[in-house]
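No value in this document is a laboratory result; all are computed from the given coordinates. As the structure is a prediction and not an experimental result, all values here were calculated from the model. Every residue, glycine as well, gets a Cβ built from its backbone with ideal geometry; the counts of neighbours run over all protein chains shown.
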Amino acid sequence: MTCPEFGLVDIVRDFLLADTLTRRLFARFRAGTLRFDEIQELVGDGEGSVLYRLKEHCHALFRPRDRSSGISMPREALFDLAVGSLFHEAMKFRENLYQLTVYGPKVRELRSEAGAEAGEIFREFEKLLAAAAERLEEAAAETEALLAHTRAQFHVLLVAHRENGLVARYLIENASLATEVFGRELDRLLAEIHGDAAHGYRIAARSYLSSGYFGPARVALAEAIARAEGDPALPALAAYAEGMDAYLEGRYGDALRGLERWLERSPDPDEPALADLAHSALSRVGALAEGPEAAAVAASAQALADRVRRRERAEGDAG
């Protein structure tokens, strides 16, 4: 079964790519410069097509075989339907574009070499090409209209899954792409999704922390702090990220100072996984530290590890 949290990131990535590619290619179509080989990156029958990937990811996540699994809800089902419709309308555009830009020139080349007895069939071919031209314009207009409606449903989907930290991370890491698709700056988009931009950065930071990406977590927390002064949980998490980042880089003195600040700033009691990871890291410093101050660093690390464990126990008893 597709993991909902990771699966949604695939959908976000492919929709943003599909949206920008559709608008770029259709602008070339309106300018009369679109080639058939270009459209295959957008829509086709395989993984090389972004709309095909998007459709398949939506089906996998929002149409689970086991109805007790997955995250399918009416809004997800509606987005899935919109994506499916967008794919099929774009396929119509693709097929008619093929007839006009690939098949049509071949027909006209053959007509110049054929005798008078073939006139009737070539007149039928011209009727088919004329109809394809009309259908191409209709498919183009319908695809563009469906894209706008699907984009609106995509926004609804993001709001519905606002606690998905991987999605928040993707939007922040690809801010220029998200800004292009939605036509507004990242802070405004995050505020629409999360209530305020600071919370969006905080959701992303927590996801980075739980994944062990402490450097990006520091950056996201700094952005959150800049937008939400007075939230005591944010500096505590920032100190934690600084300490764990230093630990991974072998700067054990800085690691101890960062984790000590984290403890002093009343870390969120709902973060036992972070405490476990800190305890594990501190317990290993003695075996990793080198140099003349290694013994002192190791002793300080063990003392801090004991404090982390005592605090966990005290919070467990209180709960």
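A few comments on the model shown:
- Cβ-based exposure ranking for SER176, SER49, SER210, SER280, in which fewest neighbours within 10 Å come first: SER176, SER280, SER210, SER49
- Simple spin-label estimate for ASP276 and ARG313 in nanometres, 7 Å along Cα-Cβ: 1.8
- With a Förster radius of 45 Å applied to the C-beta separation of SER283 and HIS149, the computed FRET efficiency comes to 0.25.
- For the pair ALA130 and LEU177, the difference between a 0.36 nm per residue extended length and the Cα-Cα distance amounts to 13.2 nm.
- Centre separation in Å (Cα based) which lies between region 3-63 and region 172-223: 24
- Hz values of 3J(HN,Hα) by residue in region 28-43 - Karplus curve (6.51, -1.76, 1.60), Gly and Pro given as x: 5, 4, 5, 7, x, 10, 6, 9, 4, 4, 6, 5, 5, 5, 7, 9
- 3J(HN,Hα) along region 174-183: 10, 4, 5, 5, 4, 5, 5, 5, 8, x Hz, from the Karplus curve 6.51 cos²θ - 1.76 cosθ + 1.60 with θ = phi - 60°, whole Hz, x for Gly and Pro.
- Whole-Hz couplings from phi, Karplus 6.51/-1.76/1.60, listed for region 291-296; x for Gly and Pro: x, x, 9, 4, 5, 5
- Tensor-based shape of the chain (alpha-carbon gyration tensor, a/c under 1.5 rounded, otherwise prolate or oblate): prolate
- Helix content alone sets the calculated 222 nm mean residue ellipticity of the chain: runs of n ≥ 4 DSSP H residues at -39500 (n - 2.57) each, divided across all residues, give -26000 deg cm²/dmol.
- Among LEU259, LEU234, LEU129, sorting on how many other beta-carbon atoms sit within 10 Å of each Cβ, with the fewest leading, yields LEU129, LEU234, LEU259.
- Based on C-alpha pairs under 8 angstrom that are at least 6 apart in sequence, region 246-319 has a relative contact order of 32 percent.
- Taking a Cβ cut-off of under 14 Å around THR150, the surrounding Lys, Arg, Asp and Glu residues balance to a net charge of -3, with basic ones at +1 and acidic ones at -1.
- Value of relative contact order over region 162-231, rounded to a whole percent, pairs C-alpha under 8 Å and six or more apart: 30
- Helix 104-113 and the longest principal axis of the C-alpha atoms of the chain enclose an angle of approximately 30°.
- Gyration tensor (alpha-carbon) shape descriptor, region 162-231, a/c threshold 1.5: oblate
- Residues ASP245, ASP45, sorted so that the one with the fewest Cβ neighbours within 10 Å comes first: ASP45, ASP245
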